[in-house]
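What follows is a set of notes on a single structure, which appears directly below.
The values are calculated or read from the model by the stated rules, or taken from the named source; none is laboratory data. Bear in mind the structure is a predicted one, so any value in this text is a computation, not a measurement. Reconstructed Cβ throughout: ideal geometry from the backbone, glycine too, with neighbour counts over all protein chains shown.
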């Protein structure tokens, strides 16, 4: 009888916990808006700062690989990541009373989750004896993330309404601690400190900077840097359309479920389309399919004779799959251009570039709402969403900015990637999209 590897069984549980931590999603929106009364500009800054720990993931990988603690490279760091993630949410549940407190809590929490992501990915790589095994295990792990997020989606709204945001944060704080507990049972053999040849690594990296990689890096950066509406649209839904936490939970369920549908659509029908053509189509589709979002601002639901909530559910049903479909080709592009020998290093750098772009996107959204004087009600000012449509139009139309760079990208299909390497591609293996790489 084949012996069960406990470590391999526990890894997907860590990913499930990461997905389930989105339990605090709805609570965060209402806590920041109603209790702390954070401005839209402050929300943009917070979103950008929270991405910083995700943008320096290669640093965690270097420390984990080269600086073992008591001879262990993974277990101590994974235990630490759980405590950091929990501390961030515990801070929100207890002492945080304003913007700077939230900033500290967000940084601590993001650091914990980013560190856990790097460490567990390292464990997965070590446990995967073949490329096929890597694809299978990665598929299970990504499915675990999406399952965890889907299960808690509706609860996030209901609990916020019934027990309050701070208690939801307290409940969420227990989840990362489960990661620390699981880490105790991971099996890992002690290792010595490995020498690191920085000069050789830098030399190899410089040789890898081909025009294809540089153009692709610029494309990825601009794609992710286009501004968003920030939290302005969510604030509008609460203030003007009177959406409550429970309904936000319903929207979260639809979004998570349709996100999974987006992955399946990509695997079934879009994976064979040449990359440049697919990216162009996604940009055009994103503009067209964003129109229902504008419809909520323009009141198109009145023309159709339906409620704003029904219109919002239809909007989420349409746009949620596209968010996943729009991210997956970027993973294909990154995987395609990584040179052999230093794939992990180049992939990590490109992922960091994408995350930095995402931080700039949030800052751009904050700048837009400030420029057009979009804000929620305060003690001295009435709410002003008059120019929210302009913010949304700029955010939507800015999607075309990376298109001039398409001719400079390497043309490939995910299917070609799979045939060339003889392994399941990241998409075929079930790697799913995320706002953070």
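Rundown of residues vs (1) over 30 Å from residue 36 (Cβ atoms); (2) modelled with pLDDT under 90; (3) buried (at least 19 other Cβ atoms within 10 Å of the Cβ), yes/no style:
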{"residue": "336", "(1), (2), (3)": "yes, yes, yes"}
{"residue": "348", "(1), (2), (3)": "yes, yes, yes"}
{"residue": "361", "(1), (2), (3)": "no, no, yes"}
{"residue": "367", "(1), (2), (3)": "no, no, no"}
{"residue": "373", "(1), (2), (3)": "no, no, no"}
{"residue": "379", "(1), (2), (3)": "no, yes, no"}
{"residue": "382", "(1), (2), (3)": "no, yes, no"}
Open item on the list: Could you go through the stretch 22-40 and let me know if any residue there is touching a strand residue (DSSP E or B) at 6+ places or on another chain (Cβ under 9 Å) and either at pLDDT 95 or above or buried (at least 21 other Cβ atoms within 10 Å of the Cβ) (or both).
Closed with: yes
Task: Sole exception among (1) surrounded by 22 or more Cβ atoms within 10 Å (Cβ to Cβ); (2) more than 21 Å from the chain's Cα centre (by Cα); (3) without any contact (Cβ under 8 Å) to a residue 60 or more places away in the chain for residue 111, by number - done: (2)
- [ ] Using the structure shown, decide if residue 323 is assigned by TED's automatic domain parsing to the domain that holds residue 224, touching a helix residue (DSSP H, G or I) at 6+ places or on another chain (Cβ under 8 Å), closer than 30 Å to residue 387 by Cβ and surrounded by 14 or more Cβ atoms within 10 Å (Cβ to Cβ).
- [x] yes
Task: Yes/no for residue 129 being modelled with pLDDT under 85, out of contact with any helix residue (DSSP H, G or I) (no Cβ under 8 Å at 6 or more places or on another chain), assigned by TED's automatic domain parsing to the domain that holds residue 58 and under 30 Å from residue 336 (Cα atoms) - done: yes
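Results for (1) over 26 Å from the mean Cα position of the chain (by Cα); (2) touching a residue at least 60 places away in the same chain (Cβ under 8 Å); (3) assigned by TED's automatic domain parsing to the domain that holds residue 366, shown as yes or no for each residue.
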{"position": "170", "(1), (2), (3)": "no, yes, no"}
{"position": "178", "(1), (2), (3)": "no, yes, no"}
{"position": "190", "(1), (2), (3)": "yes, yes, no"}
{"position": "211", "(1), (2), (3)": "yes, yes, yes"}
{"position": "221", "(1), (2), (3)": "no, yes, yes"}
{"position": "231", "(1), (2), (3)": "no, yes, yes"}
{"position": "235", "(1), (2), (3)": "no, yes, yes"}
{"position": "249", "(1), (2), (3)": "no, yes, yes"}
{"position": "256", "(1), (2), (3)": "no, yes, yes"}
- [ ] From the list 217, 261, 272, pick out the single residue that is more than 24 Å from residue 388 (Cβ to Cβ) and either assigned to a loop (DSSP other than H, G, I, E, B) or more than 24 Å from the chain's Cα centre (by Cα) (or both).
- [x] 272
Open item on the list: So, residue 97, is that one closer than 30 Å to residue 374 by Cα, in the same structural domain as residue 151 (by TED's automatic domain parsing) and not in a helix (DSSP H, G or I) or not?
Closed with: yes
